[in-house]
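The values are calculated or read from the model by the stated rules, or taken from the named source; none is laboratory data. Because the structure is predicted, anything quoted here is derived from the model rather than measured. Quick reminder, even Gly has a Cβ in these numbers, built from the backbone with ideal geometry, and neighbours come from all protein chains shown.
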Amino acid sequence: MAAAPQPPATTTDLNHWLTQQAQQDTLRFITCGSVDDGKSTLIGRLLWESQNILDDQLAALAADSRRHGTQGEQVDLALLVDGLAAEREQGITIDVAYRFFATPRRKFIAADTPGHEQYTRNMVTGASTADAAVLLIDARQGVLTQTRRHAFIMGLLGIRHVILAINKMDLVDYQQERFETLVADFSRAAESLGFHSMTAIPLSALLGDNITSASANTPWYQGPTLLGCLETINAHPPHCDKMVFPVQWVSRPHASFRGFSGTLASGQLAVGDALRITASGQTATLASIVTADGSQAAAHTGDAVTLVLDREVDASRGDVIALADQPLEMTDQFEATLVWMHDEPGLMGRVYDLKLAHQWAGCSITSLKYRVNVNTQAHESCKQLALNDIVVANLALSKPVVFEPYRESPTLGGFILVDKFTHATVAAGMIRHNLRRAQNVHRQALSITREDRERLNGHPGKVIWFTGLSGSGKSTIANALEKALHAQGRRTYILDGDNVRQGLNKDLGFTDADRVENIRRVAEIAKLMMDAGLIVMTAFISPFRAERQMARELVGAVNFIEVFVDTPLEVCEQRDPKGLYKKARSGQLPNMTGINSPYEPPDSPSVAVQAATTATEKAVEQVMQALSISHGFQ
């Protein structure tokens, strides 16, 4: 049983066998469910009983079982997929493990996904490309929170076929009543998740009951075996006629060849088709389709090809090509479902990088509409996102991107959010629909431009961003700087933290989320004032690098001077002009920066002022020098 099926020996039979293999379709499926429900053991059992374990793999498995196994003297089949040292030490799955195997009826790519709540992000990764799911439930434990969470994510990602594997039936004496109770419990939880089919199977992954052959221990069960069910699931995704070709790479091996390489996400192409570059609206005719095996006349969904057009067009990685008579939509605002996958909380107003089908754009969460309770599917209010939260939110982008709702096109509807500083993937998202206001709001062309205002003022507009702890001296230096600039005839304005909170931002508190929104609003106002030709000084703690970087990008790096007023915490506490540190130390102020809320100092500020040892006049000179040398002031 340990050896994999071998090809036939004769040439005729071998050719027939190869033809059969080539014609077989491939089912991609995941195993998921709560921790310790038996997912890795199940895939190991499938590989074993479908004769897809080679002799050398079996020998290695036997050796690994003696060192890391949990089944005594028996072979531990879970070790076939739990390959990481940490997985074997802890006896849990951490990362997604992919295994390929085949039967005479079908080829399979199985993804063993982790069940621990901490690694839900890895389950999302595995599920994002799956056609079907095997959702395991421990017959003793029943339907758990993580079971419901995985089921909900499967529904979000559009997995249409679910095999409900009630595992460890041997530990409940193969009771039919227990099996039917668990099936009924899950069916109630899954009513609104949109699964096309659900097949419940009682089994024991450890002992092999109902895996590839009907078990004598469950005479009351007349349904298919697990492998039989996997072999007969209709794996074909919903048909989509709309042609979508995201450009992954511009191929330019020599001066006389320029092609656009990528994978045809949906639809089909033929030489002679009229194509449109969605972002620019340019059109061209498809001159040839180049593949690794040479040129071909047509391409179909899933083909990796290079498109050569009949004329030069302005297109690069991230552009999306469509048929000229089937244009795709673009938007810079949409509603989406987010699965938060990072320990750091997700905050409204913070700018992340969004990746959607090779397109990149800055992205911020403008509103959190509700969080989904995975146990009850109730909609709950929330102000920020925590690890494994599933929320519906509105998002705004820095530029329009090509999109489709996820249910119509996973390629143009599925995206990730990436932290700008750590480059960690913090969320996966599925676009629900465009926000109509994105199509109805247009920039109004004005007759008087920023250049006109700057010419009248006699100097360019700038933003001087002071950051530092409370009591560091930001407002003092900003005020002295404004007096010096005013004496030179410069037009200025100071946006001070306390003053802004008297009006514009009086609705905001001091939580991390409110601090982010506070700085977002200030950055937008500073940009408008700079557009008016003013030299704008902002004196805010602005504790987070992400928001200071957002402000820099919003106003433009050439217009932005970051001044770090670097005063030690103990000096700020000694000054304590507003009595805030005293309150924080006594527990009356729970979100005091530097005490119980973090401050992230700038990595490379334009100016760093050691305010504890530098006179205010000298600090003003430092900023004035940066302003005159780097920013065009005479």
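One residue stands out among those in the stretch 123-155 that are touching a Ser or Thr at 6+ places or on another chain (Cβ under 6 Å) and of a type outside the set (A, V, I, L, M, F, W, C): the one that is modelled with the lowest pLDDT, which is Gly126. For the stretch 24-60, name all the residues that are at pLDDT below 85 and small (Gly, Ala, Ser). Hits for the stretch 24-60 are Gly38, Ser40, Gly44, Ser50, Ala59, Ala60.
Residue-by-condition table, conditions (1) surrounded by 14 or more Cβ atoms within 10 Å (Cβ to Cβ); (2) within 21 Å of Phe540 (Cβ to Cβ):
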| position | (1), (2) |
| --- | --- |
| Pro577 | no, yes |
| Ala584 | yes, yes |
| Gly594 | yes, yes |
| Glu600 | yes, yes |
| Ser628 | no, no |
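Restricting attention to the stretch 103-124, the residues being surrounded by fewer than 16 Cβ atoms within 10 Å (Cβ to Cβ) and in a strand (DSSP E or B) number 1. Pairing residues of the stretch 547-559 that are assigned by TED's automatic domain parsing to the domain that holds Asp419 and without any contact (Cβ under 8 Å) to a residue 24 or more places away in the chain with residues that are part of a helix (DSSP H, G or I) and surrounded by 19 or more Cβ atoms within 10 Å (Cβ to Cβ), at Cβ distances under 7 Å and at least 6 apart in sequence or on separate chains, gives no pairs at all. Could you tell me how many of the residues in the stretch 496-520 are free of Cβ contacts under 8 Å to residues at least 60 places away in the same chain and surrounded by fewer than 21 Cβ atoms within 10 Å (Cβ to Cβ)? The total comes to 14. For Thr225, the conditions (1) without any contact (Cβ under 8 Å) to a residue 40 or more places away in the chain; (2) of a type in the set (Val, Ile, Thr); (3) in contact with a Leu (Cβ under 7 Å, 6 or more places away or on another chain) are fulfilled apart from (3).
Screening the stretch 291-382 for strands (runs of 3 or more DSSP E) wholly inside it with 2 or more residues that are under 16 Å from Val401 (Cβ atoms) and touching a strand residue (DSSP E or B) at 6+ places or on another chain (Cβ under 9 Å) returns the ranges 320-323, 329-340, 351-356, 359-372. For the stretch 504-531, the set of residues classified as out of contact with any Gly (no Cβ under 7 Å at 6 or more places or on another chain) and farther than 18 Å from Thr366 by Cβ consists of Lys506, Gly509, Phe510, Ala526, Leu528, Met529, listed by residue number. Candidates are the residues of the stretch 407-431 that are part of a loop (DSSP other than H, G, I, E, B) and among the hydrophobic types (A, V, I, L, M, F, W, C); the one that is modelled with the highest pLDDT is Ala424.
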